[in-house]
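Visitor: Sharing a structure here in structure tokens format.
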Amino acid sequence: MAIVIGSNFGYTVLAAVGITLQCFATAMGVNGARKKYNVKFPDNGGGRYSDKLSDEDWVAFNNIKRTSDNYLEQVGMVLVALVLAGLYQPKLAASFGATYMLGRFAYARGYVAGGADKRIYGAPIMGVSFLALVITAGYNAVTTTILA
């Protein structure tokens, strides 16, 4: 079976653009934190500049930095799964992508406001959304090749 990219694939592209912009905004939040806490490059939260921070400021900076790092660790996998699922079911994939973004927002807000323990509000939403994308892509790939 050939995959024909129809006009509905635009929904998948919009979700991918949204995730990319959200990831970029999270990284820009780190730049703001660097200015606020005077943590210069190349310090990533454990170097000479951050050693000068109070414990409270060090934790606050590292919570913001860790939120961005976690996004960067996962964004590649999420975008690949989104595009692959979107080739078969673009609106469904886009809805999982949007749900992932909501989970990512809740994760970041919780982590920055309350530390690692508060990320739990968004982590399950992100995890289920990502898993749904992988399952959608895998199921459709199998049913259109092996089981076709």
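The values are calculated or read from the model by the stated rules, or taken from the named source; none is laboratory data. Computed from a prediction, not measured in an experiment: that's the story for all the values here. Glycine gets a Cβ as well: all are built from the backbone with ideal geometry, and neighbour counts include every protein chain shown. Accessible surface is based on the protein model in full, side chains and every heavy atom, while ligands, DNA and RNA are left aside. Shrake-Rupley method; radii C 1.70, N 1.55, O 1.52, S 1.80 Å.
Visitor: When you scan region 98-118, how many residues do you find that are under 14 Å from TYR71 (Cβ atoms) and in contact (Cβ under 8 Å) with a residue 24 or more places away in the chain?
Guide: 9
Visitor: Something else about it: Does SER7 count as among the small types (Gly, Ala, Ser), free of Cβ contacts under 8 Å to residues at least 60 places away in the same chain and open to solvent by 60 Å² or more (accessible area, probe 1.4 Å)?
Guide: yes
Visitor: Take the conditions surrounded by fewer than 18 Cβ atoms within 10 Å (Cβ to Cβ), free of Cβ contacts under 8 Å to residues at least 24 places away in the same chain and either among the hydrophobic types (A, V, I, L, M, F, W, C) or in contact with a Phe, Trp or Tyr (Cβ under 7 Å, 6 or more places away or on another chain) (or both) and apply them to VAL59. Does it pass?
Guide: No.
Visitor: If you scan region 62-98, which residues turn out to be of a type in the set (Phe, Trp, Tyr), under 15 Å from the mean Cα position of the chain (by Cα) and farther than 25 Å from TYR37 by Cβ?
Guide: The answer is PHE96, and nothing else.
Visitor: Another one. Output the number of the condition that ARG34 fails; it satisfies all remaining conditions of (1) out of contact with any Lys or Arg (no Cβ under 8 Å at 6 or more places or on another chain); (2) farther than 25 Å from TYR139 by Cβ.
Guide: (1)
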